[in-house]
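Structure record follows, encoded as structure tokens.
The values are calculated or read from the model by the stated rules, or taken from the named source; none is laboratory data. Computed from a predicted structure; not experimentally measured. Cβ: placed from backbone, ideal geometry, glycine included. Neighbour counts: every protein chain shown. Side chains included, ligands, DNA and RNA excluded: accessible areas come from the protein's heavy atoms. Shrake-Rupley method; radii C 1.70, N 1.55, O 1.52, S 1.80 Å.
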Amino acid sequence: MGFLKVSSPHAHGPMSTARVMRLVLLATIPGLFSLTWFFGFGTLVNVLWASITALAFEALALKLRKRPIAFYLNDYSALVTAFLLGIALPPGSPFWLIMIGTGFAILICKQLYGGMGYNPFNPAMAAYVMLLISFPVQMTTWFAPQGSFAGDLLGPIDALRYCFGFGRDTVDAITMATPLDVLKQNNSLLIEDMWQESAQFGQFSGIGWEWANIGFLLGGIYLLYRRVFTWHAPLSMLASLTLLSALFYDGGSSASGGSPLFHLLSGGTMLGAFFIVTDPVTSAVSNRGRLIYGALIGVLIYIIRVWGNYPDAVAFSVLLMNFAAPFIDHYTQPRTYGHKLKDQQGGKS
Amino acid sequence: MRKIWDIHGGIHPAENKHQSLLNPIENAGIPAQLILPLAQHIGAPASPIVNVGDRVLKGQMIAEAKGFVSAPVHAPTSGTIAAIESRVIPHPSGMTASCIVIDTDGKDEWITHQGVKDYTQLSKLELVDRIRQAGIAGMGGAGFPAAVKLSTRDDKPIETLILNGTECEPYITADDILMRERAAEIIAGAEILRHIIKPNKETLIGVEDNKPEGIAALKKAAEGTGIEIVVFPTKYPSGGEKQLIQILTGKEVPAGGLPSDVGIVCQNIGTATAIYRAIQFGEPLISRITTITGEACERPQNYEVLLGTPVQYLLNKSGFNKENCIRLIMGGPMMGYTLQDTAVPIVKTSNCVLAPTVAELPPPPPAQACIRCGMCAEACPVSLLPQQMYWFARAQEHEKLENHQLFDCIECGACSFVCPSNIPLVQYYRASKAEIRQAQQDKIKSERSKERFEARTARLEQEEAEKEAKRAARMEAAKAKAAAAANAAETSKTDIIQAAIERSKAKQAESADPAQAAIARAQAKRDGGAEEESPQEKTERLQKLLAGAEKRLVAAKEKLALAQEQQSDNADAFATAVSKTEEKLASIKQELAAHEATLAPAKTPAPSTDSTDPAQAAIARALAKRAGAGADESTEDKTTRLQNAIATTEKRLVAAQQKLTLAQEQNDANVGAFATGVEKTQAKLDAAKKELADHQATLGANDTAEQVASDDPVQAAIERAKAAREAQANMSEADKIKQNIESLENRIAKSKEKLEAARAAGDDKADILADSLAKLEEKLAAAQQQLS
Ligand code: SF4
Ligand code: SF4
């Protein structure tokens, strides 16, 4: 008769992994736009070059592992990694830096562990940390945002030339410490004075940074709306960061850690909250687990930012918590219907 | 408004219900042939009570329930029995099973049947029995015999009776249309159920809010009855029994428990109407409402279908277009299974046949890697972590799977539905469940074989020891003989006679009295004769049986493994076969062990005494027999043994029942096997109880001396011996000697026979026998001399 023999369920929902990834890519647009608006085309070039190299590395790895290349490239996961890394790197990073980053992310952090879904660490963040440790100079050189200086931003051509290094010295790019750096270095000025003194501060945090963060927040809200992930991890991360910064704000003395709003809209906060912490592969799996996971990341971000050695801390915090995710999972198994939580965990696990 | 609870997770698949609701229920008519599987329910298959060629009438019982968890089958229309044979039945594996095939005659002639005028006058037991006799099994899909669910225990008072009208699966509208058109019957059925169950709080009918017409009709019909129609938001799988209970009452059925544990009984509304018809009109369950739908059908429709109607017949009626259809589903798109053959019949549980087009339900795309997005965990109504279970299933980490409550998974398919990577999660869980069950069975088996090995080793050692003892005894006997010969040479003839008399006297003294000797003789006879051979034969026979069964088990396992490898759905069937074979094997082993146990004590004491003095040996043997064999002699022993057996069987029954309920909750495919297990255990238990009763009856009878003689050979022998003693006391000396001679001659003759037999068999007892024969002859000579 020739009827299919398949087991239930026969119906399937509309969601597919490729669609999830496409939505994530789509959601980066507002943030990317802000970054480009304020820091020039450097970030776009980063993202572009990272995408090309990431796809190439992915294809290479799949070929070496004898997997169907087209099938796996179609899940868009390499592109997501490339986008996140490209956004996280300083605009106009040199091409080799980006390439080392994507190579490390795709080959070592992802494919070596068995490909998508098997990686214990977020590839983009692992690569970011590796680059930060290996090339601290390149990794902390940021362009000055528009409005903080008198000159022009990098145009697309200049950005390309800057990235690939030909005629780099002819491009007149102005760099500046990021607001988080400034805050870190500050030990004599009141927060308010610091705001006055430094050109890179804007309304709430740094010029450009606040908008980039708002952009990523918008993207995150969109993803929440599309039910790509649940609110638990991002919200608890933002909440714990807010709580800690409010606790240690002390009204803005020279020893202050900065206001909650400053922290929420600085550095990689929103990118981290909605695009990194929500990375399903490397986070805790249950909702309760995700609450804990997100909250601890928020705490770590604040600690490292204010008392640690690195100005921004999203990548470090996420990596640290990637380690902890399996433990969190172990202790946050949800209560199954008809079971008592005690019985479920006691003795059995 | 009453409070509605929410269940965790759940999904909202496209409902696709309107297509089949355009027209009222249509009678599907009488197909030329009906195929009625004997197992249309969970539990033991019914057993046919008609023969091929019999004419049957509509409503006539054609197969009777086999055991408690079972349901009879009735003829859905009049006709003749065409065959009782294996046919393809609706089952995920596409397997065949025994069916009764009826060639219909179109007359649709009813058997005389009668309803109950006033059911409130009948006791609960009578009503439940009527429901049982009507063959009603849960019509919502699982097919659990309704009567079983209604046999609630008095120590578990029921608070809430729930009728399930949720019908949360997409496409299916059988319950919806039933509510619209036959609301009064549902309510009438609910009232009967309420009368039977007597819930002390409330009777509820749960319906999802996507059936406004059905709800309106039900509400109208329920006016003034106190039955409450509870409407709640549509969400799959609200219709699962446990989920519905949670939604309506906020209670959770404890894991491994039954709804009655939290004071709830749940029945499907279709079942309620069937119960109504059975009680009110005396009509057994012979038809049901089935939805035929899907875009490959031109006219989706709900039919009133005679059980046994082939699916093809219904598809034809609905304008089925095979071109566009690549899968045919029995049930809904979430939990239904695919059919390979359109000849399969509609059975008591068939609520829907779904014939979708390719575009409607496209073949599943290849699965991608799990991205741990957690959407599956979000969707799971049981709050499991499907993604974790998936990783563990792939890694075959069974322990972790069980710790993650794999066996609480109701296989609703919500997780697979939402999984963006298209991972067939449920398939993994089914496979893992089967593997774990298999592993458990293997473990039990290996433990058994270990026991068996140890028993064997012990037996071999014992045999070795016995041989050793025999050899030593023989040597001693030879020495004694030599000594006797030397003595004989020295003493005079009179001395010899004297000695013989002495010895014979001594022997008599030793054995207390002739009665004892008689016992000994009687026992010796028993030991030496037929009995001696047959235990060995029995052992051999049992061992042979055992070997055969083991071989079969291995073959079955191989088949099972193969099936599992190929992910064949037959795996279930094979698993059942394996477990059955194992059961058989276990019972043979048990028998063997029991047999060996009776054998062993009888053997040990006997040989050591054999050589020294036949009379003593005989006594010893007799005593050993009494002590060891137990069964015949010591009635107390038998009683305790039987009681023990009953106790263990009962324990086993409880365990089996637990397993069964567990399996039922999980809608497990093995439910059938478990049910059979329960049945069998029950049967065994009954048999044991009966034996005990019989035994106790004979025990009572034994108290009267007369009975003893005929009942118990040993007792009889004692009686005879006593009689002999009395007779002997009255005899003269000469008579005594004469009698002695006679009996000696007898014994010699028998001894010779035995000896010959032993020699022929090459038995190492031959020597001993020869020995004792020589002694007997000596005695005879002495006695004869004495006489003369
Ligand atoms: S829904 Fe699928 S991809 Fe997402 S976590 Fe569950 S199994 Fe993995
Ligand atoms: S099939 Fe099992 S694991 Fe999946 S959603 Fe249903 S109950 Fe949960």
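Which of rounded, prolate or oblate describes the stretch B:112-160 when judged by the alpha-carbon gyration tensor and an a/c cut-off of 1.5? It is oblate, given that a/c is not under 1.5 and a/b is not larger than b/c.
Legend: mean number of C-beta atoms from other chains within 10 angstrom of residue C-beta atoms, peptide B:411-423, equals 5.
Measuring against 27 Å, Cα to Cα, the residue pairs B:58/B:690; A:340/B:348; B:551/B:684 contain B:58/B:690; A:340/B:348 as the ones spanning a longer distance. What the Cβ-Cβ distance of residue B:694 and residue B:85 gives, at R0 = 30 Å and to the nearest 0.05, is a FRET efficiency of 0.15.
Under the simplified labelling scheme, the residue B:723-residue A:140 pair shows an inter-label distance of 11.8 nm, with each label point 7 Å from Cα along Cα→Cβ. Considering only alpha-carbon pairs that sit under 8 angstrom and 6 or more positions apart, the relative contact order computed for the stretch A:45-115 is 50 percent. In this calculation the C-beta distance from residue B:686 to residue B:120 is compared with R0 = 30 Å, giving a FRET efficiency of 0.35. Backbone geometry of the stretch B:753-758 corresponds, through the Karplus equation with coefficients 6.51, -1.76 and 1.60 at θ = phi - 60°, to 3J(HN,Hα) couplings of 3, 4, 4, 4, 4, 4 Hz, x marking Gly and Pro.
Take the Cα radius of gyration of the stretch B:169-274 and divide it by 2.2 N^0.38 Å, N being the number of residues; the result is 1.03.
In this simple spin-label model, placing a label point 7 Å from the Cα along the Cα-to-Cβ direction at both residue A:33 and residue B:220 gives a separation of 5.6 nm.
Computed from the Cβ-Cβ distance with R0 of 45 Å, the FRET efficiency linking residue A:133 to residue B:440 stands at 0.30.
With a ≥ b ≥ c the root eigenvalues of the C-alpha gyration tensor of the stretch B:18-354, is it rounded (a/c under 1.5), prolate (a/b larger than b/c) or oblate? Oblate shape, in that a/c is at least 1.5 and b/c is the bigger or equal ratio. Close amide-amide hydrogen proximity is noted between residue B:63 and B:49, B:73, each under 5 Å apart and 5 or more residues distant or on a separate chain (H modeled in the peptide plane; Pro and chain starts excluded).
3J(HN,Hα) couplings calculated from phi for the stretch B:450-464 with the Karplus curve 6.51 cos²θ - 1.76 cosθ + 1.60 (θ = phi - 60°) are, in sequence order, 5, 4, 4, 4, 4, 4, 5, 4, 4, 5, 4, 4, 4, 4, 4 Hz; Gly and Pro show x. Averaged over residues, the count of other Cβ atoms within 10 Å places the peptides B:756-762, B:253-259, B:400-406 in the sequence B:400-406, B:253-259, B:756-762, highest first.
Inter-chain neighbour count for B:384-391: the average number of beta-carbon atoms from partner chains within 10 Å of each residue's beta-carbon is 3.
Among the protein heavy atoms of the stretch B:334-373, carbon and sulfur supply 67% of the accessible surface, probe 1.4 Å, non-protein parts ignored.
Protection proxy ranking of B:67-76, B:342-351, by the mean of other Cβ atoms within 10 Å over each peptide's residues and highest first, is B:67-76, B:342-351. Summed over both chains, the contact between A and B buries some 4700 Å² of accessible surface at a probe radius of 1.4 Å. Once the partner protein chains are put back, the stretch B:315-348 shows a loss of at least 20 square angstrom of accessible area, versus the chain by itself, at B:322, B:326, B:327, B:333, B:334, B:336, B:338, B:340, B:342 (probe 1.4 Å, ligands and nucleic acids excluded). For residue B:33, the residues whose modelled amide H falls within less than 5 Å of its own, excluding neighbours fewer than 5 places apart on the same chain, are B:104. For the segment B:374-381, counting C-beta atoms of other chains within 10 Å of every residue's C-beta and taking the mean gives 5. Taking all protein chains into account, the per residue accessible area for the stretch B:236-326 stands at 27 Å² (1.4 Å probe). Distant-in-sequence amide contacts of residue B:294, defined by a placed amide H-H separation under 5 Å and a gap of 5 or more residues or a different chain, comprise B:355. In whole percent, and with a 1.4 Å probe on the protein chains, what portion of the accessible area of the stretch B:375-430 is carbon and sulfur? The value for the stretch B:375-430 is 49 percent carbon and sulfur by accessible area.
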